[in-house]
Structure formats: C-alpha cells, structure tokens
Amino acid sequence: MRTQIFEVSTLYGAATLAAALDAGQFGPGAESHRVLLVSNNAATPETASQLTDMAGWSRIAARFDTVVDWNHTIRPHHPSGWTPAANDSPLWQRMFRSSWGLGDGPVDLVVESVHVSPAKALCAIFADASVHVYADGLMSYGPTREKLPLATACRIQRLLHLDLVPGLRPLLLSEYGVPGELVPSDTFRAVLDEIAHGDELELEHEPTAVILGQYLAAINILTVDEEEALHERMLRGAAAAGHRSVLFKPHPTAPARYSKVLDKAAADAGVQLTVLDRPMLAETVFERLCPQLVVGCFSTAMLTAAACYGVPIARVGTEPLLDRLAPYQNSNRVPLTIVDALVPTVESGGEVVTERADTAERIAPLVRTVGYCMQSDRYPELRTEAASWLAEHLNDDTLRYFKRRRLTSLQLPGGFATGLVRRLPGTGAALRAARKVKGKLRPADG
C-alpha cells in the first residue's frame, strides 16, 4: 500500500491539510496509509505550546491512520537543525519504515518549507518519494528562500495553498515549474468551523476586538521589549477605535510568558483585557466571538479573518519592520509587504480589504517586484516588469518596500546615482578591480 507522510508544525497547517484531504486532493483514504508527522519547530520546543494540546487537534488527527512525534523520533536533535549525513539516509529510511510500520511500498511526502528541515531531512531520507508542498500562510506568495537540490526540485509535484489574497498567484517554487493548486476556501472554512465547535470558549467578558500576538522576539526580529511595545500599540489602537473589551491572543509558537505591560496599558486606557491562556487557533476565536475588529502586525490570521470571516482588520508597526528586516531576502518580507499594502492602520479604521475585486491586480505587480529584488537570480523573467513598475510607481511612499542599495546593485530605477555609488563604502575596491579587468581585455595598441 502507498504511504502518505504529512509533516505539520502548526494547527493552521494541519487544518489546511485536512481541507485538502476532505476535498479529495490526495485521493481516497482507503487506498493509502496516512501518517501525520508532528514537529515542534519553536526555538525552545519545551517552553512553547504543544500542537497536540491545542483545541480541536483530535478532530484533525482523526483523519490519519498514525500520528508520529518527530521531535521524539530524532531527539536530542532540534527539528530545524538536523539533517542526516548523506551516507546515512538509507539507514534512516529503513529504520523509519520499520518503526512506523510503512512496509516496502511507495511513499509520498507532503511537507511545508521544503528548503529547510524537517522537510529537508525527510526529502533526503525518502530520496525516491514524490514530494507535495503545502503553504499554510502568506509566505507562499514570496520567492523560494534557497536554491533547492536538483534531486528534490525534480520530485515536487505541486504547491497546495489557500486563497488568502483572492486571485494572487504564489511565487514560491514557480522557478521550478511547480504548479499551484488551490485548497477550496469553503472546505477550509468547514474544517475551521469543525475545530471551533469542538471545544467551549467561555470568557467572563465578551470582547469586541482581538489583538494578535506575534513571535518576532523569538526569531530575533524585535527585542522582547520592542515586541511588548508593539502589542501595547495594538491595544491602544483598539481602545482608540472605541473598543472597551479586548482579547489578546498570543502566537502559538511564542514562548510561554506574559508581561504585565498590557495589563497596565489596558488599565490606563480604561479597557477590560482578557488574555487567552489556552492554546487554540485565532480562527476559533473569530468563529466563537464574532469580533468587530482584529488588530495585528503581519499575521496570516489577519487575512484569514478578512477572507473567511468578513471581520474588519487593521495593522500596527509594519512600516518600521520593513525598514529593519534583514537581510533583504528575509522570507517575512513579502507577508509584511502584503499586509502593509492592503490593510489600513488601526488609526485609520479597519475594513475588509480582500473583498475588493481588483485586490490581486493592485498587489500582484508589487509582490513580483519585491520578489525579484529579493531573489533576482532565480526569477530573471521578472526583471522587465520590476523595472517598469519601479519607474512608474516608486515614490516616497512605496520606497519603504525596497532598499536603495538593493536597487543600485540590481541596476534598477530608484538606485543611487553613479556619482554617489562611487562614494559608498566598499565600492572603491570593486571599481578598481573592474578597471583592471577592463584594461586587460583592451586590444593591444597598433
């Protein structure tokens, strides 16, 4: 029998896979043995919420024949940092086939973030398996982070993704000719409803606004103090919009800690604050509480709130992050760009931005231009479009999506002038080397 191994690290991703299964995108269940491989990729898995403890998990897991804990399987290694030595892959495959009861039949891998572990490790171990990639968030609209080994790239069959920005096509894996395949929105919403109605959510105060915690300190984009200040801005923004009862939903992979900063901010603003200390999807909160406003930075859940639940959304803090996100190729850049471009600030009031018929037409050229600037060597076919877009649209407002030095190095509109380039640190040596090479190539006199 064929075995299908589904690797997940978030409940949102597991819900995406459940929707794909329900939609028949992996064939009849009776024809394959389905293994759900659970990985906790948090920096310190022991202190983060466990996926298996989240509300609604049992309903998702019931769709699979076997559930395996990847962290336990490879301990003491961390899931994000371990790949087998090249010569050891056949040994690992034999061990997994034996311990997981896979037999000798063919294997399909269904993974997220194929360029990093645990997906990278699985692709190396099951070297003859076909690979299906699914994207559980906004990163699918951005470029592939790293060049994939040919042995992996040639096995990727498709990219399954949600229609979070209706009509926008993913850039991820497109350079390898991998076709995109939509997971039906109505099926995904049905799975979210199933998760939401599996557990009770009783709160002392009925919140009218939800603020979404980020995990930016855990991945070293912000400091802990800066992240707390960001959450405080979200709360003050919701209060300024007239909300007197606010729920704070921490990010599921953020460290299990809560600062008293929000308590003080809520007291100062005259707001009743509820902190959701139970691990669950933000979408479960949307379904059960029907909030009037969702405030976040650049969380995927913001777009889900708008696209699936019709809830007004608002952003906080995206512009400074666009400036400090490093390197420019950081995979968070495209999700950050999409939210900044589509979602109003909390000060200007929220609205359901993804229902506009021209949303994809407005955002797609910007996303492709940013994607080209991030990974120009992988998407050379986008250069002409990127140059045209920059020549027509680059101004003081849109410049925040780019870096002058990046545009200069790519010789695109908006880069530094030639005279200024000569005065940039490090360019003198490059210019001298270029002149030396040019001199050697010059035809001899006479």
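Would you confirm whether or not region 188-201 contains a residue that is on the phi < 0 side of the Ramachandran plot, modelled with pLDDT of 95 or more, touching a Lys or Arg at 6+ places or on another chain (Cβ under 7 Å) and not β-branched (Val, Ile, Thr)? For region 188-201, residues on the phi < 0 side of the Ramachandran plot, modelled with pLDDT of 95 or more, touching a Lys or Arg at 6+ places or on another chain (Cβ under 7 Å) and not β-branched (Val, Ile, Thr): absent.
Among the residues of region 370-386, the one identified as basic (Lys, Arg) and touching a residue at least 60 places away in the same chain (Cβ under 8 Å) is Arg378.
Exactly one residue out of Thr274, Thr300, Thr284, Thr318 is within 18 Å of the chain's Cα centre (by Cα), β-branched (Val, Ile, Thr) and closer than 29 Å to His197 by Cβ: that is Thr300. A search for C-beta distances below 9 Å between a residue of region 326-347 that is assigned by TED's automatic domain parsing to the domain that holds His243 and more than 15 Å from Ala301 (Cα to Cα) and any residue that is of a type in the set (Lys, Arg) and buried (at least 24 other Cβ atoms within 10 Å of the Cβ), counting only pairs 6+ apart in sequence or on different chains, returns Pro344/Arg315; Thr345/Arg315; Val346/Arg315.
Elements of the type strands (runs of 3 or more DSSP E) sitting completely within region 1-83 and holding at least 2 residues that are without any contact (Cβ under 8 Å) to a residue 60 or more places away in the chain: these cover 32-38, 66-69.
I need a count of the residues in region 245-266 that are modelled with pLDDT of 95 or more and out of contact with any strand residue (DSSP E or B) (no Cβ under 6 Å at 6 or more places or on another chain). Of the residues in region 245-266, 0 are modelled with pLDDT of 95 or more and out of contact with any strand residue (DSSP E or B) (no Cβ under 6 Å at 6 or more places or on another chain).
Looking only at residues in region 143-158 that are under 27 Å from Ala306 (Cα atoms) and in contact with a helix residue (DSSP H, G or I) (Cβ under 7 Å, 6 or more places away or on another chain), which one is surrounded by the most Cβ atoms within 10 Å (Cβ to Cβ)? Only one residue tops the list, namely Pro143. Within region 275-295, being touching a residue at least 60 places away in the same chain (Cβ under 8 Å) and acidic (Asp, Glu) holds for Glu283, Glu287. For region 136-187, which residues satisfy the criterion of being touching a residue at least 40 places away in the same chain (Cβ under 8 Å) and of a type in the set (Phe, Trp, Tyr)? Answer for region 136-187, where residues must be touching a residue at least 40 places away in the same chain (Cβ under 8 Å) and of a type in the set (Phe, Trp, Tyr): just Tyr141. Only one of the listed residues (Gly56, Gly24) is at pLDDT 95 or above, at positive phi and either touching an Asp or Glu at 6+ places or on another chain (Cβ under 8 Å) or assigned by TED's automatic domain parsing to the domain that holds Ile156 (or both). That residue is Gly24. Among the residues of region 171-198, those that are touching a strand residue (DSSP E or B) at 6+ places or on another chain (Cβ under 7 Å) and buried (at least 19 other Cβ atoms within 10 Å of the Cβ) comprise Leu172, Leu173, Val178, Val183.
Looking across region 187-209 at every residue that is farther than 19 Å from Met54 by Cα and outside any loop (DSSP other than H, G, I, E, B), the one that is nearest to the chain's Cα centre (by Cα) is identified as Thr187.
The values are calculated or read from the model by the stated rules, or taken from the named source; none is laboratory data. Keep in mind that this is a model prediction, so the values were computed, not measured. Glycine gets a Cβ as well: all are built from the backbone with ideal geometry, and neighbour counts include every protein chain shown.
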